[in-house]
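Computed from the coordinates by the stated procedures, all read-outs in this text should not be read as laboratory data. In this text the structure is predicted, and so the values were computed from the model without any measurement. Note that we place each Cβ from the backbone using ideal geometry, even for glycine, and neighbour counts take in every protein chain shown.
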Amino acid sequence: MAASCSAPVASSTGADREGGPSAPRAPSSARVSLARQAAGPTVLVTGPGGESLAGVEVWLVDPRSVDPERAVIASRTLGDWVEASRAVATEVLSTDDRGLAHFEARCEEGFLVAARRDALFGLVERVVPLPPKEQVPLQLLARAAYPVRVVDASGAPARGVALTLAAPDPATPDESFALPSSAFTDERGLATLYEPPPVATGVFEGLDQVPERVAILRIPVGGLAPVPLAPGGERVNVELPPLQPIELRCQHAAFSEDHWAGLVQVFLASDGSRSERTLAQAFEAGRIRLPYASRREDLRLHAVISEAAAPGRFIGMLTLDAPATGVIDLPLDEGLIVTGRCVDAEGSALADQTIDLFVVGDASTAWTLVTDGEGRFRWLLLRPGKALARVVIGARTRGTGPPKKSTKRLGDVSAGEVVDVGVLTLR
């Protein structure tokens, strides 16, 4: 799908949060008009009576970043398609007191624009440029909402429990398949799951023939069955078994804890990381506290690491077994931080290029990342599996056409160092 939206930096104001008390009853629909202006489009949000609506979150997306296959993969990382589409938006705005949002991004070939307020959500996609004065209507519809309240074994509200909407599998009634819609319980133990938009569920064949919905508790505990959800907005109550918290913290001799950010997933080793009982959760400032887990079972974790100065630009992943007690330390200085710059055979920077980095001869070390605007990269190489002095790193491009490659020996380095390998010429 060809599309192009360009803007320098995405901005965000007044974001609504998924999960929490059930939303107050809102108008059944609202209409959004999109007017093409000199720079980017201007969005005017109005209600069913024609009144302008202030404080409505609107975001503009390059449709290539939310095509059906990529959208499902990305949303299952964090669990929610709406949040995933917002995370990759070119711009995120909130309407002003006149109901207007003025975008700066130019969309010369096409765009997707989405808006939400509480349970209202809508989107529209255009793959051709707008005529100068054309307006594109977008109707916000009230999504089906499923409120849930979760309490712990003592009856107290359970805060921070991840829930995902799911549908029973018609072929196997005892099983279900997760939909890209998730939420976390708030301080009152309340969360609301919303039916995802059709664009997010197009890959699920026969979903329209399965009206029932269940909630999957995304916590690393064995034996938790999906919770049937009541249609029509009636709240469902759930009680957890006795559980204990898990606290994770990043450790690196050269950096303080708050240097690190990323995602972490804790799961039962017997289930594997693809189990529907797991969900990757974001952390910042180098640590995260997961309030509910069974420490009596064999747990494992994946931590996908970024740096706080560049959140979301993941530079490496760590996998380890979780001890039964105490704080779990993530030993990030057991390997190296490798930096460098990728250029092509003519010496031009490979800017914003997806590349694979790896230790030659050890496929398990491979990591895929994106270079910056100057072709530079930072790679967290953990546990290289051989003496560091003998490590040869390789780089190759990804995408269409034959991959371009380069290799370089690290030389005399020690664990925990930041090593600059200079220029890698990929041919």
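Pop out the ³J(HN,Hα) list for region 182-193 in order, Karplus 6.51 cos²θ - 1.76 cosθ + 1.60 with θ = phi - 60°, rounded to Hz; leave Gly and Pro as x.
Rounded to whole hertz, the list is 9, 7, 10, 5, 8, 5, 9, x, 9, 8, 10, 8.
What's the local net charge at residue 372, with K and R +1, D and E -1, over the other residues with C-beta under 14 Å away?
With Lys, Arg at +1 and Asp, Glu at -1, the net is +1.
What is the sum of charges, Lys and Arg at +1 and Asp and Glu at -1, for the other residues whose Cβ falls under 11 Å from the Cβ of residue 175?
So the surrounding residues net to -3.
Which residue, chosen from 349, 401, 423, occupies the Cα position most advanced towards the positive end of the dipole of region 336-425, where the dipole is computed from +1 (Lys, Arg) and -1 (Asp, Glu) charges on Cβ about the Cα centre?
Of the options given, the answer is 401.
HN-Hα J couplings of region 350-357 from phi, Karplus 6.51/-1.76/1.60, θ = phi - 60°, integer Hz, Gly and Pro as x?
After applying 6.51 cos²θ - 1.76 cosθ + 1.60, I find 8, 7, 6, 9, 7, 9, 9, 10 Hz.
Quick check on the exposure proxy: order 91, 83 from fewest to most C-beta atoms within 10 angstrom.
83, 91
Non-local amide H neighbours of residue 313 (under 5 Å, H modeled in plane, Pro and chain starts lacking H): which ones?
Excluding prolines and chain starts, which carry no amide H, the hits are 307.
So, how do all the Cα-to-Cα distances of region 145-239 break down into 5 Å bins, in percent, from 0 on up?
3, 13, 25, 25, 18, 10, 4, 1, 0
Which order, highest average first, do 278-288, 365-375 follow once you tally other Cβ atoms within 10 Å for each residue and take the mean per peptide?
Ranking, from highest mean packing down: 278-288, 365-375.
Evaluate the charge dipole of region 336-425 about its Cα centre and quote only its size in Debye, nearest 20, assuming +1 on the Cβ of each Lys and Arg and -1 on the Cβ of each Asp and Glu.
With only Lys, Arg, Asp and Glu charged at Cβ, the dipole is about 320 debye.
Check residue 335: other-chain or 5+ apart residues with amide H under 5 Å from its amide H, H built from backbone geometry?
Here 383, 416 satisfy the definition.
What percent does the relative contact order of region 220-367 come to when contacts are Cα pairs within less than 8 Å and at least six residues apart?
Relative contact order here is 24 percent.
Hey, can you grab everything whose amide H is under 5 Å from the amide H of residue 144? Only 5+ residues off in sequence or another chain; H modelled, so Pro and N-termini drop out.
195
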